[in-house]
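Below you'll find the structure, written out as structure tokens, and then a few comments.
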Amino acid sequence: MAMERRVSEDPSTSYDVPANGGPIGTQQQQAAVASGASQGLLQQAAIPEHRVRKFNKLLQEAVVDLDALRELSWSGVPLSLRPQVWRLLCGYLPPARSRQAQTLDRRRREYADMVPEYYDIPHEERSEDEVAAYRQVVVDVPRTAPNVPFFHEPIIQESLQRLLYIWGIRHPASGYVQGMNDLVTPFLAVFLSEHLPGPMEGWSADTLNESIMLAVEADCYWCLCKLVEGIQDHYTYAQPGIQRAVFRIKELVRRCEAEVSDHLESEAVDFIQFALRWVNCLLVRELPFCLAIRLWDTYLAEGTGFSEFLIYLSAAFLLSWKERLTRLEFQDLILFLQRLPTADWTEAQLERVLSEAFILRSSYSDAQSHLRLG
Amino acid sequence: MSHKPDDDYDYLFKVVLIGDSGVGKSNLLSRFTRNEFSLESKSTIGVEFATRSIQVDGKTIKAQIWDTAGQERYRAITSAYYRGAVGALLVYDITKSVTFENVERWLKELRDHADSNIVIMLVGNKSDLKHLRDVQTEVAQGFCEREGLSFIETSALESTNVEKAFQQILTEIYHIVSKKVLDSEDNRPKIGEGRDLIVIDKQHDEGAKKKGGCCS
Ligand SMILES: Nc1nc2c(ncn2[C@@H]2O[C@H](COP(=O)(O)OP(=O)(O)OP(=O)(O)O)[C@@H](O)[C@H]2O)c(=O)[nH]1
Ligand SMILES: [Mg+2]
């Protein structure tokens, strides 16, 4: 895999060049360079200029080299380039630039056509299951990312409701499952950032019209489809994919930190008690929102293998508190694990865990260990 | 043996919160354990846990409460938590009759997965939304009489009856348990330190089990 070398080659501590100083010549959103967003919901640590240049170079090729883009994106995508890069990494946009505008147009129209077909219909025409799904989405949308006020603007709420409902109807094997609302939020913030300048805290819904919103919604919809594609069995009956993932996290922790795993076991703490949510919501719930977006860079760079990476990431995440964990007893363990103190985590802290996960994978993934020889 | 003050309890009872999504289970729990309410709480994924101790008849009862996800999809996983629970608060939303209609299904869940003598209390939450009421108190009351459940209406928002609901179910459990203990007085292991410790949830309190007896 192309990204195997990333961690050792590019130490994440070399953030010394301001990201937004240089010329960022993309095709599209110069304006979206949120230069003021050094703190806040869409905040980002400065990305070295040479990395930004590499991104721009890749994106300007006639056919974008996706492997190279993945490798580069693994360690973080510059704020202003995220919308475009994410669409590419999701496979939503084709790598051939000449076909991109047309594809985007077509996909957005396809989505727009689904709205009257599935959503704008009288309640009586919905099946019993559909009514139940609708009800669930309506209950969850207002409870989505409570700490991101912009998501609670009526136009955004409506949009979330539509896209989650339609997603559920179009994916009957699982349907809408609680927590999927969390998975949309990074896409939503990033695709909105193309239309709303400056830091997220200053965004105003007044400047969004229906057609812009519908395009953003369509992008979110298709990218959510791609993201969940490889983890459908996380959300089907009895959630076998999650149960398997949680089991593997537990096994991995046992192999690399027996002390932690012994302690949890002796306190009768079961991994499912905390790691279910981690896997179900891909750790979004455990991190401040700006870091969830950064996490998405890595997931999308991982591509279809991201759910495998999530195992290593979850183990690394857990072990980042290992000293603390081994001192706590059952009750305090559970309370601690369900509300981990990550509120003031910085990007650097998340990146440390990502690197740890990367190393864990290199050391413990039997299938991949031979690659390290190369 | 020394105990931390908040660990100083006579009885430990495991209680589960169940019911449809959005009825207010998590807010009932946060109101009871932390006196907090949030209009925009997040949905529960899987289970969440909290504890609080209260006094009943001069005894300290520690409630270990497991709040479960309401969506059906999580039921396969959450029903495992019913095991060992001595009480269940089955919550519906008085403004949404469908959540009351589903109570039957939840009772079946309990029959299938919980101990047969679990104490169940039906809780009609959101009583503050009077103008939106969709389930009449008498209807729910009648249902509970037929089914042999206790019943209360609460508002997690206004903090009405929340304390009372928990107090009532824990008291009920206590009376059953203490009676059981008296009945089997002679077989009971002798307990030191004058502590009358009953651990219902054996699995989760190894330490306490060693200190005291176990009733179930
Ligand atoms: N008016 C009013 N609203 C309430 C009350 N209790 C909860 N709510 C609101 O109802 C919504 C759902 O509450 P939660 O506590 O998250 O519901 P839940 O039963 O835990 O839902 P799941 O976790 O999805 O199973 C939130 O917006 C709460 O603010 C209440 O007593 N009165
Ligand atoms: Mg809840």
Can you compute log10 of I(q)/I(0) for segment B:7-202 with the Debye formula, treating each Cα as one identical point scatterer, at q = 0.10, 0.11, 0.13 Å⁻¹?
-0.40, -0.48, -0.67
The pairs in A:Lys250/A:Lys322; B:Lys25/B:Lys59; A:Lys322/B:Lys14; A:Lys322/B:Lys25; B:Lys42/B:Lys62 lying past 24 Å Cα-Cα in this model are B:Lys25/B:Lys59; A:Lys322/B:Lys14; A:Lys322/B:Lys25; B:Lys42/B:Lys62
Check each of the chymotrypsin sites (Phe, Trp or Tyr not before Pro) in segment A:227-281 and keep only those in coil by DSSP with at most 13 other C-beta atoms within 10 angstrom; list them in order.
A:Tyr237
What residues of segment A:223-239 lose no less than 20 Å² of accessible area with every protein chain in place versus their chain by itself (probe 1.4 Å, heavy atoms only)?
A:Tyr237, A:Ala238, A:Gln239
Where trypsin sites (Lys or Arg not before Pro) fall in DSSP loop in segment B:96-140, at most 16 other Cβ within 10 Å
B:Arg133
Residues losing 50 Å² or more accessible surface upon assembly, segment A:104-146, compared with the chain by itself, 1.4 Å
A:Arg135, A:Arg143, A:Pro146
Could you tell me the extents of segment A:204-344's C-alpha atoms along the three principal axes, largest first, rounded to whole Å?
56, 31, 26
So which aspartates and glutamates pass the test for B:Lys179, namely a Cα distance under 17 Å, with those fewer than 8 places away in the same chain ruled out?
B:Asp10, B:Asp57, B:Asp196
Go from 0 up to the bin containing the longest alpha carbon distance in segment A:51-155, width 5 Å each, and give me the % of pairs per bin.
2, 10, 15, 13, 13, 14, 13, 11, 6, 3, 1
Expressed as a percent, the accessible surface of segment A:219-277 that is carbon or sulfur, using a 1.4 Å probe and the full set of protein chains, is 47 percent
Full extension between A:Thr304 and A:Arg109 adds, at 0.36 nm per residue less the Cα distance, a length in nm of 67.6 nm
Taking the Kirkwood radius as the inverse of the mean 1/r across Cα pairs, report the Rg/Rh of segment A:77-208.
0.98
How compact is segment B:1-123 by the rule of thumb for globular proteins, expressed as Cα Rg over 2.2 N^0.38 Å?
1.09
Which value at 222 nm does chain A reach when only helices count, each DSSP H run of 4 or more adding -39,500 (n - 2.57), with the total divided by all residues and rounded to the nearest 500 deg cm²/dmol?
-17500 deg cm²/dmol
Electrostatic dipole magnitude of segment A:240-371 [Cβ: Lys, Arg +1; Asp, Glu -1; Cα centre; debye, to 20]:
240 debye
Take segment A:133-269, drop everything but the C-alpha atoms, weight them equally and run the Debye formula without solvent; then report log10 I(q)/I(0) at 0.09, 0.10, 0.13, 0.18 Å⁻¹ to two decimals.
-0.37, -0.44, -0.67, -0.97
Taking a probe of 1.4 Å and leaving out DNA, RNA and ligands, segment B:1-62 shows per residue an accessible area in Å² of 39 Å²
Mean shadow area (nm²) of the C-alpha convex hull around chain A is 18.8 nm²
Estimated Rh, segment B:56-117: Kirkwood, alpha-carbon pairs, angstrom
13.2 Å
With solvent modelled as a 1.4 Å probe, how much accessible area in total do chains B and A shield from it at their shared surface, in Å² to the nearest 100?
3000 Å²
Judged on accessible area alone, 1.4 Å probe, highest first, B:Asp93, A:Asp233, A:Asp366 line up as A:Asp366, A:Asp233, B:Asp93
List of segment A:175-202 residues, accessible area with partners at least 50 Å² below that of the chain alone (1.4 Å probe)
A:Gln178
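The values are calculated or read from the model by the stated rules, or taken from the named source; none is laboratory data. Since the structure is predicted, the reported quantities are computational estimates derived from the model, not experimental observations. Cβ: placed from backbone, ideal geometry, glycine included. Neighbour counts: every protein chain shown. For accessibility, only protein heavy atoms count, side chains too; no ligands or nucleic acids. Shrake-Rupley method; radii C 1.70, N 1.55, O 1.52, S 1.80 Å.
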